[in-house]
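Trainee: I have a structure I would like to understand better, so I am pasting it below and will then ask my questions one at a time.
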Amino acid sequence: MVASAVAALTAPLAQVQLRDRSGGDAGCVADDGLCPGWIADNFDRYVDPLVQHVYLVLASVAIGFAISFALALVAHRHRWMIAPIVQVTGILYTLPSIAVFFLLLPLTGRGSLTAIVALVAYSLLIIFRNITTGLDNVPEEARDAGRGMGLTDRQLLWRVELPLALPEIMAGLRIATTTTVGLATLAFFAGAGGLGGQIFADINFKSNVVVAGGLAVLLAAVLDAAILLAQRAITPWTRARAA
């Protein structure tokens, strides 16, 4: 089983071959340079890997947020659970990503599932800690005001504590998302594709690396900006307070 897992893990490396570099700028391509003509002629080959990369990131962050949110709400009521959850998620976060793919391959096989399981594990600590920190930083006078209005603990959580904790929750979501974009470039080791497969397919060719790597950076920036805009839309009181 171990031998088969090793073979499965190293298969993508064995498949790293120079792609057909048909296109413009023949001299530039031959010198492995940065070739605008080649990029224009071959940009379509990056569309499917980009779509797969977006899928891996969004699916992983969504699942990780759902798990972390549920754990944070339970830990908010049962404070003794915070330390064990942080310890477990902290261990998962420190594991080398390639090693996690290697450990999961015999269980989940090659493909998106293995990559998503690993990426979810890396997102848990970041999101969980930001949610619990945001809830802990809610001013006590806000809670007292809610209780004075006759709110139950459940109503206090959903109407007072979570809205006031949203800025820190969204900050954690932003960090987790941009981190996952970077980690997802290694998903091709699990056979999940993505932009990482394009980067390593011809890592010595500058044009290829610039396009694939640039798309990964652009994706991280776009997702980060989208979450920031969403945060500003759902927390208008923070803008009013700043003004």
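Trainee: Please order Ile169, Ile227 by the number of other Cβ within 10 Å, starting at the fewest.
Mentor: So the residues, fewest neighbours to most, are Ile227, Ile169.
Trainee: What distance in nm separates the simple spin-label points at Asp136 and Asp32, each placed 7 Å from Cα in the Cβ direction?
Mentor: The two pseudo-label positions are separated by 4.9 nm.
Trainee: If the convex hull of the alpha-carbon atoms of the chain is projected onto planes in all directions, what is the mean projected area in square nanometres?
Mentor: Over every viewing direction, the Cα hull of the chain projects on average to 16.3 nm².
Trainee: Then there's this: Using the reciprocal of the averaged 1/r over all distinct C-alpha pairs, how large is the Kirkwood radius of region 168-243 in Å?
Mentor: For region 168-243, inverting the mean 1/r across all distinct Cα pairs yields 14.0 Å.
Trainee: Treating only the Cβ of Lys, Arg, Asp and Glu as charged (+1, +1, -1, -1), what charge dipole size does region 47-242 show about its Cα centre? Round to the nearest 20 debye.
Mentor: That gives region 47-242 a dipole magnitude of about 180 debye.
Trainee: While we're looking at this one, here's another question. Relative contact order of region 47-242, please, whole-number percent, based on alpha carbon pairs below 8 angstrom and at least 6 residues apart.
Mentor: Once divided by the residue count of region 47-242, the mean separation gives 29 percent.
Trainee: Between Ile203 and Leu107, what FRET efficiency follows from the Cβ-Cβ distance if R0 is 35 Å, with the result rounded to 0.05?
Mentor: For Ile203 and Leu107, the calculated efficiency is 0.75.
Trainee: Considering the dipole of the chain built from charges on the beta carbon (Lys and Arg +1, Asp and Glu -1) around the Cα centre, which of Ala121, Asn208, Asn42 is farthest to its positive end?
Mentor: Value computed over the given set: Ala121.
Trainee: Report, as a whole number in µm² per second, the diffusion coefficient that Stokes-Einstein gives for region 98-195 at 20 °C and 1.002 mPa s using the Kirkwood radius over alpha carbon pairs.
Mentor: Answer from the Stokes-Einstein relation: 138 µm²/s.
Trainee: Take Arg154 and Leu92, extend 7 Å from each Cα along the Cα→Cβ direction, and tell me the distance between the two endpoints in nm.
Mentor: Inter-label distance under the simple model: 2.7 nm.
Trainee: Determine ³J(HN,Hα), in whole Hz, for all residues of region 222-234 in sequence, where each value follows from phi through the Karplus function 6.51 cos²θ - 1.76 cosθ + 1.60 and θ = phi - 60°; x replaces Gly and Pro.
Mentor: So the Karplus estimates, Gly and Pro as x, are 5, 5, 4, 5, 5, 5, 4, 5, 5, 4, 5, 6, 9 Hz.
Trainee: List, in order, the whole-Hz ³J(HN,Hα) value for each residue of region 200-211 obtained from phi through the Karplus relation with A = 6.51, B = -1.76, C = 1.60 and θ = phi - 60°; use x for Gly and Pro.
Mentor: Per residue, the Karplus-derived 3J(HN,Hα) values read 7, 5, 8, 6, 8, 8, 4, 4, 5, 5, 5, 5 Hz.
Trainee: Which ordering of Leu162, Leu95, Leu56, Leu151 is given by a fewest-first count of other beta-carbon atoms within 10 Å?
Mentor: Leu95, Leu151, Leu162, Leu56
Each value in this text was obtained by applying a stated rule to the coordinates, not by laboratory testing. This structure is a prediction, so every number in the text was calculated from the model and none was measured. Cβ atoms come from the backbone with ideal geometry, glycine included; neighbour counts cover every protein chain shown.
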